[in-house]
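Engineer: One structure follows; several queries about it will come next.
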Amino acid sequence: MIDSAYALNNPLLAQPLTEARRGQLPPQLSLVTCEGAVLETVKRAEDGEATVLRLYEATNATQNVILTFPRPLAAAALCNL
């Protein structure tokens, strides 16, 4: 249900490249993968160079959340708003 709602409200829009690019890309790479919650926002922090991830629990169940990144993190902090 959550995926259907996001697809309706935020459809994927593809943009063609305006020029050819050289190089190789991996077959698959994500900025972050999230299991156990909905990752709603990835943005630059307003007061520095940090990246802010905003997640929420959408199924009314207590569970562990696993975030996986393609590279090691320099630091991480938890904030509960």
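The values are calculated or read from the model by the stated rules, or taken from the named source; none is laboratory data. These figures come from a predicted structure and were not determined experimentally. Here Cβ is always computed from backbone atoms with ideal geometry, including for glycine, and neighbour counts include all displayed protein chains. Please note that ligands, DNA and RNA were not included when accessible areas were found on the heavy atoms of the full protein model with its side chains. Shrake-Rupley method; radii C 1.70, N 1.55, O 1.52, S 1.80 Å.
Engineer: May I ask you to list the residues in segment 18-40 that are touching a strand residue (DSSP E or B) at 6+ places or on another chain (Cβ under 7 Å) and either part of a loop (DSSP other than H, G, I, E, B) or loosely packed, with under 10 Cβ neighbours inside 10 Å (or both)?
Structural biologist: To start, the set of residues in segment 18-40 that are touching a strand residue (DSSP E or B) at 6+ places or on another chain (Cβ under 7 Å) comprises 31-40.
Correct list: L31, V32, G36, A37.
Engineer: If you don't mind, there's one more thing I want to ask. Contact list please: Cβ distance under 9 Å, first residue in segment 53-65 and in contact (Cβ under 8 Å) with a residue 40 or more places away in the chain and more than 23 Å from A75 (Cα to Cα), second residue of a type in the set (A, V, I, L, M) and open to solvent by 70 Å² or more (accessible area, probe 1.4 Å), pairs at least six apart or on different chains.
Structural biologist: Partner pairs satisfying both residue conditions: A58/M1.
Engineer: Can you tell which of E49, E57 is open to solvent by less than 100 Å² (accessible area, probe 1.4 Å) and acidic (D, E)?
Structural biologist: Answer to the selection: E57.
Engineer: Turning to a different aspect of this structure: Residue check: is L67 closer than 20 Å to I2 by Cβ, touching an Asp or Glu at 6+ places or on another chain (Cβ under 7 Å) and surrounded by 10 or more Cβ atoms within 10 Å (Cβ to Cβ)?
Structural biologist: no
Engineer: State which residue is modelled with the lowest pLDDT when the search covers only segment 24-45 and only residues that are over 15 Å from F69 (Cα atoms) and among the aliphatic types (A, V, I, L, M).
Structural biologist: L25
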